[in-house]
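Okay, structure first, notes after.
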């Protein structure tokens, strides 16, 4: 018997770039995000539909990959419950005073070494006049620039041991497990989890190299499949490397387009995906044979999709 | 400081028809639902994406309108909490043994007299061979028949006093209020509420005639705006009365198509709409002047949209 | 027994603006056209899919409306045949040396006084490096800016006497008549004509005021209905007046969105429409009663749609 | 200097099936065509937008592949001109009295041995009451059944020597050549030709086995890319083999979905594609290196797409 979790959603993700200028241009000009603020070595970016000030913190670094994932709790009590639960696992790193646009955050690592934080206090975005929307239930005007991604949608992390991170996410963080892949040898190859009715918000897939703390991709939402197709045309005419052309996933049934941003991090433009309304939804378990059939319509993703992550393994 | 509610979603709705044969043909042939079961004077219908056995109970009656709305709780404890809360308002009618496809339900009326029930135990749909899907994360194959609605999405009820039903829904049932309309005289003309991140699942709008317990419309989901446009073509070529051609709502930003099923109940085919991730989302309050601007792109809905409901008022 | 015409398509249209700076910003930033050249009081604009250097000549003027429509012939012989046919009607004004991007043109007026020219020699667009496309069968890269209209699609002129302009277009210019409206009194209210399989390229509708030489609208093409819907969002958030929100025409079945550019000329973003493959396609004649049903899905266009044109009538 | 051709379009295609019952079910139930007539060993099928009585003649046979392609002339004179031109090449087989729904036809073979005919007299479809459309500019109501293909769009034939068939099509039949592939050794691998502004109506690609008279695929039109995606879902849930999931071609820029009908003939559901308005459009010549890049967004079609045809080569 499930019940709703204490955490509400992914508030933002920090992404590390070794080519910060080019990455910034990609997120602003090609993906169409707004630069909300810029401080020292970080840029804070938002989709036109993000209610918070930003959903992406882009930080200059000597290597690519994930900085951290920040999860927002439903309220103060929920935040404290979650922080205590994490602390009891021994994975906690303590509280920070917060960052641009949000208050105190409790930091920790998942069993694969990815840095996370949980927080509750967070600013709502207040659009400047030139970005004020016409409809008051929309945080910002629709600029239509580039792929015009609406908001950060989900994060896919790599893990040497999927089972351990999956159990940490469900048992400690309260994620609901909707789908997973179990290979013939009984090992787990992937887990699709969510805090809401959306088919996935946090995904772990097996790290081909067994390395720790790596990123598979960040996914940004658009409202229609046509916008995914349009994004592919934009990528084509802007020399963005398309790793996987638009098609439909079998798992979660999301529509996808995968590309690499200039410093090498994999980015997805996504929409669709099934919604999970059943409080008792049993996790769907995909077998090795079923995965071998490719995506929903038979598309076989290239090998790199199953091996490449950031930072790359030498 | 919000927290997730004890109720998960609308499990099903009972709709009354004075032309049950024609209504059944409409829901099966034109909307593309499946007839899951048929008993005496009721037919149980499902969209291809409904996880439960059905989401629509269509019942023969001497007048049109709503039979009842059934809400599913997250678990047994949540169900009991909600039932007790309702009981304490004096609006409870006691427990029933359940109905086709679900277990015990606690019945009650909202302050405007609409019949509701809350339940927890409910069957998952088990597709017969001819309707077995190719993808195991889908409850049923996609038949593509008619408008091919995927699932029941939301219910819009009419109420003489919107404020009282709105407060009952938020305070007793735990709905979150996302948007509402407040007229110049301070009265409320509508409230859009939800149990999830979807922009609306339960809507109350003012009953023009001040009558009690009436229905404005039932809405069925399709995944794309193109499917709404396609549904309009199907309605056109099947002599279904289109009350409002496809366009985009200002409130909630859903894409809509309104039509009347053969016995006169208003039906919507819908998709899109904003998603609410902020745990502290402040309700959007629309003024009379803002509503006068029409829908998102300026479309003025016809008068009947603001006055007609079922059963009709003589 | 029809046969293919001597004219191939509308090469460009000249539009007069009383607010040239604002109009230019509209066509570049909101519609997403490229400024190919600028000379004295005219700007030459192109959609990303126009094969020629431009399809819109935007000219500063003391009044709005049409400058001229330029039609391209299939070859030199065809051009000469058409020029002679026009000359024999007494409506010819003689040859010009050409203009930016095209060679000699024969000028004339239609019976309602709109200025036209026919030409054959015309430059193909040669994209500068920053606009070079990735696919060599595309004249220019897809920038994705604004509504990103692909090309000029059709022109709708107003005429005091639709029959006379319609007969001039079919009998002298070789247009094929695909659809027309005939009112109960036997008069003609509109004619939809084309040089190709597209449902319409040149449209005449009745001038409500009986004025001469006026413009109803210029239409620009996008490849999908989703792009029309997206354009409506862009118009909304850029304070562009939307006269008619996206919907589907009954006549020709094109998908439409009507708006006014800053100086008041009506602009359409369009896609779809039926294709006419039958060499003997009989013209569809719509009656007054049929037109009263509104557009395909029942949308009634506002009165101004049937009366307003440019230049406006005092 | 081009001029419009004497032929207007492909009137119908005859397709041979070794599993006529299953093939008929596929075209009716899955592609959504109407069975207009049935005679002995042939079924006559139409899309809801075909103006003629049918566009597909499905004939029982001991082997799969093409029966014949029938081209319709603009008028009687044009038909006679084309017939004489064909006769002078020595490839003519003389006149037939016609077939279901059309008058006299002149039969001939192209240099690779595919059977063609040219005709002019042809019936327009007159819908029976149950298929009468709501809009009078539409030949038939939109049923929405299956993929609901609108009409036959194009034919792709295989040829041992692409250059010879390409020259026959352009020089004798009057097709315009829009795009072609020329390999490093100077040989031709494909030619995309049309009688209209559509990017392709008749395609020849190299027969991998050098066999004669084989078919690559028949393509059926839908108006939107969303309908191609929807067709893929229908194919998936109806056990139709999908050879190539929906994506966008580099050549002609059409959107595609390839599948095999039950007897093994390859079928495409297509939409989009560029339109050619330039009377002097220079043919686009793709090199071997450019073709190696895959489709528009980088999709590599599987080997069978480049080798398989019907009838299959032992």
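Numbers at a glance
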quantity: Failed item, numbered, when residue C:238 is tested on (1) in contact with a helix residue (DSSP H, G or I) (Cβ under 8 Å, 6 or more places away or on another chain); (2) under 24 Å from residue A:230 (Cα atoms); (3) within 12 Å of chain B (Cβ to nearest Cβ); calculated: (3)
quantity: Matching residues, the stretch C:296-314, being assigned to a loop (DSSP other than H, G, I, E, B), in contact (Cβ under 8 Å) with a residue 40 or more places away in the chain and surrounded by 18 or more Cβ atoms within 10 Å (Cβ to Cβ); calculated: C:296, C:297, C:299, C:308, C:309, C:311
quantity: Filtered residues of the stretch B:222-261 (kept if without any contact (Cβ under 8 Å) to a residue 60 or more places away in the chain and assigned to a loop (DSSP other than H, G, I, E, B)); calculated: B:224, B:239, B:241, B:249, B:250, B:253
quantity: Count of residues meeting criterion [surrounded by 18 or more Cβ atoms within 10 Å (Cβ to Cβ) and under 27 Å from residue B:282 (Cα atoms)] in the stretch A:82-115; calculated: 7
quantity: Any strands (runs of 3 or more DSSP E) falling wholly within the stretch B:1-88 and containing at least 1 residues that are under 21 Å from residue B:220 (Cα atoms) and within 14 Å of chain A (Cβ to nearest Cβ); calculated: B:7-17, B:42-46, B:65-73
quantity: Residue B:171 away from every other protein chain (no Cβ under 14 Å), free of Cβ contacts under 8 Å to residues at least 12 places away in the same chain and closer than 26 Å to residue A:195 by Cβ; calculated: yes
quantity: Only listed residue being surrounded by 23 or more Cβ atoms within 10 Å (Cβ to Cβ) and within 14 Å of chain C (Cβ to nearest Cβ), chosen from B:231, B:252; calculated: B:231
quantity: Tally, over the stretch A:274-294, of residues that are within 14 Å of chain D (Cβ to nearest Cβ) and either surrounded by fewer than 18 Cβ atoms within 10 Å (Cβ to Cβ) or farther than 29 Å from residue B:149 by Cβ (or both); calculated: 3
quantity: Selection within the stretch C:95-146 - at positive phi and touching a helix residue (DSSP H, G or I) at 6+ places or on another chain (Cβ under 9 Å); calculated: C:144, C:146
quantity: Residue within the stretch C:92-112 that is assigned to a strand (DSSP E or B), within 12 Å of another protein chain (Cβ to nearest Cβ), under 24 Å from residue D:275 (Cβ atoms) and modelled with pLDDT of 95 or more present; calculated: no
quantity: Per-region count, the stretch B:213-227, residues more than 8 Å from every other protein chain (Cβ to nearest Cβ) and either closer than 17 Å to residue B:27 by Cβ or surrounded by 24 or more Cβ atoms within 10 Å (Cβ to Cβ) (or both); calculated: 9
quantity: Filter pass, residue A:188 being free of Cβ contacts under 8 Å to residues at least 12 places away in the same chain and either closer than 17 Å to residue A:5 by Cα or touching a helix residue (DSSP H, G or I) at 6+ places or on another chain (Cβ under 9 Å) (or both); calculated: no
quantity: Number of the condition not met by residue C:216 [criteria: (1) touching a helix residue (DSSP H, G or I) at 6+ places or on another chain (Cβ under 6 Å); (2) within 25 Å of residue C:11 (Cβ to Cβ)]; calculated: (1)
quantity: Which listed residue, of B:232, B:245, B:252, is out of contact with any helix residue (DSSP H, G or I) (no Cβ under 9 Å at 6 or more places or on another chain) and more than 24 Å from residue B:177 (Cα to Cα); calculated: B:232
quantity: Residue within the stretch B:255-264 that is within 14 Å of chain C (Cβ to nearest Cβ), surrounded by fewer than 21 Cβ atoms within 10 Å (Cβ to Cβ) and either on the phi > 0 side of the Ramachandran plot or modelled with pLDDT of 95 or more (or both) present; calculated: yes
quantity: Where residue C:244 falls short, out of the listed (1) more than 14 Å from chain B (Cβ to nearest Cβ); (2) over 25 Å from residue A:233 (Cβ atoms); (3) buried (at least 20 other Cβ atoms within 10 Å of the Cβ); calculated: (1)
quantity: Residue match in the stretch B:140-149 (condition: away from chain D (no Cβ under 14 Å) and touching a residue at least 12 places away in the same chain (Cβ under 8 Å)); calculated: no
quantity: Residues of the stretch D:153-204 satisfying the condition of being over 13 Å from the mean Cα position of the chain (by Cα) and in a strand (DSSP E or B); calculated: D:159, D:176, D:177, D:178, D:179, D:180, D:181, D:182, D:188, D:189, D:190, D:191
quantity: Flag for residue B:137 being touching a strand residue (DSSP E or B) at 6+ places or on another chain (Cβ under 8 Å) and more than 14 Å from chain D (Cβ to nearest Cβ); calculated: no
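Let's see how each residue does on (1) in contact with a helix residue (DSSP H, G or I) (Cβ under 9 Å, 6 or more places away or on another chain); (2) buried (at least 24 other Cβ atoms within 10 Å of the Cβ); (3) in contact (Cβ under 8 Å) with a residue 24 or more places away in the chain; (4) farther than 24 Å from residue D:80 by Cα:
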position	(1), (2), (3), (4)
D:8	yes, yes, yes, no
D:11	no, yes, yes, no
D:14	no, no, yes, no
D:29	no, no, yes, yes
D:33	yes, yes, yes, yes
D:36	no, no, yes, yes
D:45	yes, yes, no, yes
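The values are calculated or read from the model by the stated rules, or taken from the named source; none is laboratory data. Predicted, not measured: the structure shown is a model, and the values here were computed from it. All Cβ positions, even for glycine, are placed from backbone atoms using ideal geometry, and neighbour counts span all protein chains on display.
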